[in-house]
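Please treat every number below as a calculation from the coordinates, not as lab data. All values derive from a computational prediction rather than experimental measurement. Heads up, the Cβs are rebuilt from the backbone with ideal geometry, glycines too, and the neighbour counts pull from every protein chain shown.
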Amino acid sequence: MRPTEGRPDRPKRRGAGWPQPLSEVDEEEVLRRIFPNLRTGPSVLIGPGDDAAVVIQPSGSVVATTDTMVRGQDWHDEWSDAHDVGSKLVTQNLADIAAMGAVATGLLVTLAADPQLPLGWAVDFADGVADTAAWDGVPVVGGDLSSAGAGTVMVSITALGDLQGRRPVLRSGARVGDVVAVHGSLGESGGGLELYLAGERPTRWASVHEALAAAEVDRARDHLMWVHRTPTCSVSSGPLAADRGATAMIDLSDGLARDAARIGRASGVCLQLSRSRLVADFVEDTPLEMALGAQRALHHVLTGGEEHSLLATFPADCPLITQQTDPDVHWWVIGEVVAATPDGAHVTLDGEPVSGGWDHFSG
Ligand SMILES: Nc1ncnc2c1ncn2[C@@H]1O[C@H](COP(=O)(O)OP(=O)(O)O)[C@@H](O)[C@H]1O
Ligand SMILES: Cc1ncc(C[n+]2csc(CCOP(=O)(O)OP(=O)(O)O)c2C)c(N)n1
Ligand SMILES: [Mg+2]
């Protein structure tokens, strides 16, 4: 069983102090509430407040990615508060930067909202972005505010990154004979989504003592829902994997089966996953199994989205894989790269084609 990593569950929410709708304030006032909580960094020459930011890119090339979330499609207000949404949006973007083998150098944040949205929501969202970005040492360098139709809240981040002289790790680099490995958890966010969709809500423990005394299954459920609200990505593991010879890499946003197939397709190979390894490392004795049972757990391990762990391929003799000593930075070997099969499967489980995972348009 992999160790579960932690960061503070509930950083401070300031927004409760500003229940008035955005329509009662002007843009300057929104920004005045947001800016003080943003942290800068040595790579930022010009930060938020001018027409554009100026960020130092030491290696001369810019890694750029963007991700968007929409209320009702990507979160429900009954599940996630504004701080959670900001935190998750940062993780989605930083995971994409890490999966290229790069280090993030700046974030640009957009909020387009119904003017009836409370000012406090905008502040808590910005704080969620700022707190999570600061945790990973990434400055917020700018953004945009816009209004949107009744009920609409759309948030988006564009992240910039620097390869620091590394070659980018592409989806197309996997070679026959490589091992397939995962850094981070699998299926926990998907398990949390299942619980939320089933109407479950995390327990609000009256005290730490009460939480510790709670049944293990209740803590397992809470953990899954917490991961769904605020997944994390170990951002330094991407560049480290790149330095140590990763041949292909992707962050797991749409589910292991779907994202592994992206590497397989781009590389013209098949990623052959091992059921016994996935079960031993990600199902047995995990919160997923405890909360949902072994069968649902394996389903989420294979298809659960929004985990933002890293999936990579490495040469089989790569020391990062063969000489692992620290369980906190472990790459779990879950399969190997084989030649693409004539029927076109780019990912298999014990040799059988496997599919599933998230798609925005086809569900
Ligand atoms: N509207 C768009 N216009 C141009 N490129 C896009 C658009 N949407 C997605 N892409 C590109 O397509 C690729 C796949 O997108 P996506 O599945 O969102 O990637 P990821 O899972 O890494 O966020 C990325 O390289 C992304 O930049
Ligand atoms: C209300 C709600 N329904 C469904 C989901 C599940 N969900 C939304 S997006 C997504 C996959 C990842 O999103 P995407 O924008 O495709 O990330 P990217 O691949 O671009 O990084 C999943 C599993 C959710 N989080 N909230
Ligand atoms: Mg995307």
Hey, in the GNM for the chain with a 10 angstrom Cα cutoff, which one of Gly190, Gly72, Gly86 fluctuates hardest?
-> Gly72
What do you get for Rg/Rh of segment 318-363 when both radii come from the Cα atoms and Rh is the Kirkwood radius?
-> 1.12
Full-extension gain in nm, Arg244 to Ser355, via 0.36 nm per residue minus C-alpha separation | 37.0 nm
Using only alpha carbon pairs under 8 Å that are at least six residues apart, calculate the relative contact order of segment 117-260 and give it in whole percent.
-> 31
Would you work out the relative contact order for segment 15-162, in percent, from Cα pairs under 8 angstrom that are 6 or more residues apart?
-> 40
Once you have the Cα-Cα distance between Asp343 and Leu45, take 0.36 nm times their residue separation minus that, and quote the gain in nm to one decimal.
-> 102.0 nm
Exposure proxy order (Cβ contacts within 10 Å, fewest to most) of Leu298, Leu170 = Leu170, Leu298
When the Cα atoms of segment 268-363 are enclosed in a convex hull and the volume is divided per residue, what value in Å³ results?
-> 129
Over segment 220-363, calculate the relative contact order: mean separation of alpha carbon pairs under 8 Å at least 6 apart, over the residue count, as a percent.
-> 40
Ala339: net charge of surrounding residues, Cβ under 15 Å, Lys/Arg +1, Asp/Glu -1, itself excluded?
-> -1
Segment 15-162 - share of DSSP beta bridges that are antiparallel (%, nearest 5) = 70
Hey, can you grab everything whose amide H is under 5 Å from the amide H of Asp162? Only 5+ residues off in sequence or another chain; H modelled, so Pro and N-termini drop out.
-> Val63, Val103, Ala104, Thr105
Given +1 on the Cβ of Lys and Arg, -1 on the Cβ of Asp and Glu, and no further charges, what dipole in debye does the chain carry about its Cα centre, rounded to the nearest 20?
-> 520
Taking 7 Å along the Cα-to-C-beta vector as the label spot, tell me the Arg14-Ala52 distance in nanometres, rounded to one decimal.
-> 2.9
Considering only Val44, Val25, Val180, give the residue with the highest GNM mean-square fluctuation for the chain, with springs between Cα atoms whenever their separation is below 10 Å.
-> Val25
What's the extension gain from Gln73 to Gln116 if we count 0.36 nm per residue and subtract their Cα-Cα distance?
-> 13.6 nm
Directionally averaged shadow of the chain, computed from the convex hull of its alpha-carbon atoms, nm² = 18.7
Candidates Leu193, Leu45, Leu160, ranked by Gaussian network fluctuation over the chain, Cα under 10 Å, top entry | Leu45
Got a sec? How would Val62, Val269 order by Cβ neighbour count within 10 Å, fewest to most?
-> Val62, Val269
For Arg14, what is the net charge nearby, where nearby means another residue's Cβ is under 15 Å from its Cβ and Lys, Arg count +1, Asp, Glu -1?
-> -1
